[in-house]
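Just so you know, all these numbers are worked out from the coordinates, no wet-lab data involved. Note that the structure is a prediction, hence the values are computed from the model and not measured. When we count neighbours, we look across all protein chains shown, and the Cβ atoms used for this are built from the backbone with ideal geometry, even at glycine.
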Amino acid sequence: MKQKRAYKYRVYPTPEQQQILARTFGCCRFVYNWALRQKTDAYYNEQQRLYYKDLSERLTDLKKQEETCWLSEVSSVPLQQALRHLDKAFINFFDGRTPYPTFHKKRNQQSATYTSNAFTYKDGVMTLAKMSEPLTIRWSRPLPEESKPSSVTVTKDCANRYFMSILVDDEIEPLPQTEQTIGADLGLKSFVILSDGEVVGNPKFFHKDEKKLAKAQRRHAKKKKGSQNRDKARLKVAGIHARIADRRRDFSHKLSTRLIRENQTICVESLAVKNMVKNPKLSKAISDVGWSEFVSQLEYKAAWYGRNLVKIDRWYPSSKRCFDCGHILDSLPLDVRMWTCPECGVIHDRDINAAQNIHAVGLTVFEACGESVRPGAVKTKPGKTQRSRKPSK
Ligand SMILES: [Zn+2]
């Protein structure tokens, strides 16, 4: 299954690179607007349609003229791509999807697209045409291994932040089938408890970040309002927040990828988070762990790689049910970590018992209903999309 996927990252250009980008953005905008004018005029004055090829030829002439020769100072590739973008805008217009293309404005988001002949990329080092140094990119998540970027688009938003969207041609092969299955439950003290007893995500891993954040926040609060130092402290807090988010996302991606690789069917509890957040003691732990993000990662990765994700309804008493004999307790307070079944006498670790129940009931549901389980409950093989489940009328 071949897919084009875009990966977006924050980039930090040097002052020199910012200048090159500013010039490139300006030229792209100029070319786009100029081409739009050409097309519109040709259509209204001569009932003629100009295509990419015509405009590309005219652009070459334009660069030779004295008053517009500055267009040659930037890489020619983003300018060609601006013409392509306009082409696409017109296709969308003629297909009735969008209104007539409008001029690009300087105060809006700026962008420039580089195709593979205008950048070099190797092992995380990205250098754009006309730039002597590679760009500093914050790799908030890894590009898929051995992927070849087909184009990159650099944007600058209204808050003067720079981003890079890397388009990758990904060959996604479904993984070979395996017999392994697993259940995963949201742990209270750690991120995930697996039904085989593994505890993933040491709380100390995030604890360090939290301490740093708290310290930075205290510093920020102490600075005089309106002072430069306060501004600096605020930036520092924002920076730590961003870094924490990156680290968690990275952690979540690694774990979801591993579970998908190792198991054919993965059973999880659909969100019980809403109820748990009401408990103030737990709210921090819950917001920390990003369970819903984790589950959605499992969901799309399962679809890519031909795995099954079974989501168990939250009303299922996964914690209170004894995995060994099926006895269901009347209640199980949140602070009880270990309990002994009054029926069969087995001693349970609260979380592992829950993960085991989720695993067992998930497999039962999956085997009983197969792929006919209601949409959303089970994601099946790639190609079996939501659309194909709709009645064909
Ligand atoms: Zn029991």
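Loop-located chymotrypsin sites (Phe, Trp or Tyr not before Pro) across segment 87-144 with a Cβ neighbour count of 12 or fewer within 10 Å are Phe103, Trp139, with loop assigned by DSSP.
Here Leu298, Leu128, Leu71, Leu235 are placed in order of increasing Cβ neighbour count within 10 Å, fewest first, which gives Leu235, Leu71, Leu298, Leu128.
Extension gain for Glu66 to Lys148 (0.36 nm times residue separation, less C-alpha to C-alpha distance): 25.7 nm. With respect to the chain, whose longest principal axis is taken over its alpha-carbon atoms, helix 52-64 is tilted by about 60°. When both bridge partners sit in the chain, DSSP labels roughly 80% of those beta bridges antiparallel. Rounded to the nearest Hz, the phi-derived 3J(HN,Hα) couplings of segment 35-43 under the Karplus curve 6.51 cos²θ - 1.76 cosθ + 1.60 (θ = phi - 60°) are 5, 4, 4, 4, 5, 5, 4, 4, 6, where x marks glycine and proline. Net charge dipole, the chain: roughly 2060 debye, given to the nearest 20, about the Cα centre with Cβ charges of +1 for Lys and Arg and -1 for Asp and Glu. Net length available on complete extension from Arg261 to Lys4 is 90.4 nm, with 0.36 nm assigned per residue and the Cα-Cα distance removed. Mean silhouette area of the chain, derived from the convex hull of its C-alpha atoms and averaged over all directions, reads 27.3 nm².
Between 0 and 90 degrees, the angle of helix 76-94 with respect to the longest Cα principal axis of the chain falls at about 70 degrees. For Gln110, the residues whose amide H sits under 5 Å from its own are Lys156, ignoring neighbours fewer than 5 places away on the same chain, with H placed 1.01 Å from N. Neighbour counting of Cβ atoms within 10 Å sorts the residues Arg261, Arg97, Arg29, fewest neighbours leading, into Arg97, Arg261, Arg29.
What separates the Cα centres of segment 39-81 and segment 105-180 is a distance of 27 Å. For the chain, the mean residue ellipticity at 222 nm estimated from helices alone is -15000 deg cm²/dmol, where every DSSP H run of n ≥ 4 contributes -39500 (n - 2.57) and the total is divided by all residues, rounded to the nearest 500.
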